[in-house]
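Visitor: Handing you a structure now.
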Amino acid sequence: MKLFTAKSHLRNYLADTGGLSQSIGFVPTMGALHQGHISLTKQCVSENEVSVVSIFVNPTQFNNPNDLTKYPRTLQQDLELLEASGCHVVFAPENSEIYPEPDSRVFDFNGLDTAMEGAFRPGHFNGVAQVVSKLFEIVQPDKAYFGQKDFQQLSIIKYINANYLKHLNIDIIACPTIRESDGLAMSSRNVRLSPQHRVASVAISQILFETQRLALHGSPVEQILQYAANAFEEQKLLKLEYFEIVDNKTLRPVSDFLLNTSHTACVAAYAGDVRLIDNISL
Ligand code: AMP
């Protein structure tokens with residue numbers, strides 16, 4: 001496995017190894033890797049001749065400076081996990097390599113950023129779009145892999161890929177959410193949970209699973225939202241930020257299930273000072 005920190009070296013390597021004739025798969029990450037990231041990497045390895053994983057904690061997508069400072073960084077362990085998963089190339093640049101000068105680009109997401117993460121984390125998706133567009137230009141993959149765990153992010157990436165980065169001709173591949181055995185969605189932030197908050201955070205996925213069950217049995221949106229609000233109210237160690245049922249296409253919250261439309265229940269909650277997100281398809 002090769003490790004690059006300079007984008008010019010990575011580009012030269014990809015060109016030399018026949019980057020043009022070989023299919024390149026790409027998994028962008030912020031490191032502190034867990035089995036969720038590794039499942040994306042394994043899928044990437046199995047579907048491409050060359051697989052590239054980036055590890056870069058992107059400062060422009062953190063609206064909360066404290067969250068950026070506390071973001072876990074475990075490069076050595078990440079490299080070991082990636083090597084074992086069959087990854088060929090790791091790109092782990094410094095900030096100055098990605099942002100030699102400040103990025104002032106402002107992206108339009110056609111309203112996909114109005115609700116949920118976009119509403120509660122101002123500027124977050126613009127930062128995501130900045131870094132992903134830069135990484136896509138550097139790696140120029142055929143396929144890029146993203147987790148459904150970050151449901152709104154996935155939708156926004158598909159949008160910018162189709163509207164801003166069309167010339168790169170990249171397929172965006174959506175990968176399922178990997179969970180701990182008790183249901184908690186894997187996240188780099190989970191290591192920051194205290195033992196009590198770790199136990200309490202299981203309720204997030206349990207409430208989502210129950211939401212899915214209620215939806216399958218025909219409960220109306222209003223009743224499900226009431227159920228979720230009450231269930232979170234009972235969780236004294238969790239602080240609910242939002243629970244929404246959204247239309248998969250517009251990402252707007254709905255108050256009734258719409259015919260011929262797919263819906264997803266999305267949640268963000270704090271367990272102590274750790275902000276967790278999760279979602280389930282209904
Ligand atoms: P991050 O390092 O958090 O930026 O995540 C890098 C990629 O891994 C993103 O596409 C995430 O959606 C994906 N990812 C994070 N957690 C999971 C998970 N539990 N299951 C599947 N994919 C995940």
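Visitor: Do you know which residues across segment 57-71 are in contact with a Gly (Cβ under 6 Å, 6 or more places away or on another chain) and surrounded by fewer than 17 Cβ atoms within 10 Å (Cβ to Cβ)?
Guide: ASN63, the sole residue that qualifies.
Visitor: Out of segment 211-226, which residues are open to solvent by 50 Å² or more (accessible area, probe 1.4 Å) and in a helix (DSSP H, G or I)? Step through it out loud before you land on a result.
Guide: Looking only at segment 211-226, we keep the residues that are open to solvent by 50 Å² or more (accessible area, probe 1.4 Å), and these are 212-213, 216-218, 220, 222-223, 225-226.
Across segment 211-226, the qualifying residues are GLN212, ARG213, LEU216, GLU222, GLN223, LEU225, GLN226.
Visitor: Same structure again: Which one is farthest from the ligand (Cβ to nearest atom) among residues in segment 45-72 that are assigned to a loop (DSSP other than H, G, I, E, B) and of a type in the set (A, V, I, L, M, F, W, C)?
Guide: The qualifying residue farthest from the ligand (Cβ to nearest atom) is PHE62.
Visitor: Which residues, taken from segment 168-181, are open to solvent by 20 Å² or more (accessible area, probe 1.4 Å) and within 16 Å of LYS149 (Cβ to Cβ)?
Guide: Within segment 168-181, ILE172, ILE173, ALA174, PRO176, THR177, ILE178, ARG179, GLU180 qualify.
Visitor: Can you tell me which residue within segment 105-120, out of those that are open to solvent by less than 30 Å² (accessible area, probe 1.4 Å) and in contact with a strand residue (DSSP E or B) (Cβ under 9 Å, 6 or more places away or on another chain), is nearest to the ligand (Cβ to nearest atom)?
Guide: GLU117
Visitor: Give the number of residues within segment 4-44 that are part of a helix (DSSP H, G or I), crowded, with 21+ Cβ neighbours inside 10 Å and away from the ligand (no atom under 13 Å from the Cβ).
Guide: 2
Visitor: Are any residues in segment 77-104 open to solvent by less than 50 Å² (accessible area, probe 1.4 Å), of a type in the set (Asp, Glu) and in a helix (DSSP H, G or I), and if so, which ones?
Guide: Of everything in segment 77-104, those that are open to solvent by less than 50 Å² (accessible area, probe 1.4 Å), of a type in the set (Asp, Glu) and in a helix (DSSP H, G or I) turn out to be ASP78, GLU97.
Visitor: Please pick out the residue among ALA119, ALA162 that is in a helix (DSSP H, G or I) and either without any contact (Cβ under 8 Å) to a residue 40 or more places away in the chain or not assigned by TED's automatic domain parsing to the domain that holds PHE56 (or both).
Guide: Of the residues listed, the single one that is in a helix (DSSP H, G or I) and either without any contact (Cβ under 8 Å) to a residue 40 or more places away in the chain or not assigned by TED's automatic domain parsing to the domain that holds PHE56 (or both) is ALA162.
Visitor: Could you tell me which of the residues LEU184, LEU237, LEU259, LEU193 is closer than 16 Å to ASN279 by Cβ and of a type outside the set (Lys, Arg)? It would help to see each step written out before you state the result.
Guide: Details: LEU237 fails: closer than 16 Å to ASN279 by Cβ; LEU259 fails: closer than 16 Å to ASN279 by Cβ; LEU193 fails: closer than 16 Å to ASN279 by Cβ.
That would be LEU184, the only listed residue that is closer than 16 Å to ASN279 by Cβ and of a type outside the set (Lys, Arg).
Visitor: Being surrounded by 23 or more Cβ atoms within 10 Å (Cβ to Cβ), closer than 24 Å to SER46 by Cα and more than 12 Å from the ligand (Cβ to nearest atom) is the filter here, so list the residues in segment 123-159 that pass it.
Guide: VAL139, PRO141
The values are calculated or read from the model by the stated rules, or taken from the named source; none is laboratory data. Owing to the predicted nature of the structure, the values given are computational and were not obtained by experimental measurement. Please note: Cβ atoms are built from the backbone with ideal geometry, for glycine as well, and neighbour counts cover all protein chains shown. The accessibility values were calculated without ligands, DNA or RNA, using every heavy atom of the protein model including side chains. Shrake-Rupley method; radii C 1.70, N 1.55, O 1.52, S 1.80 Å.
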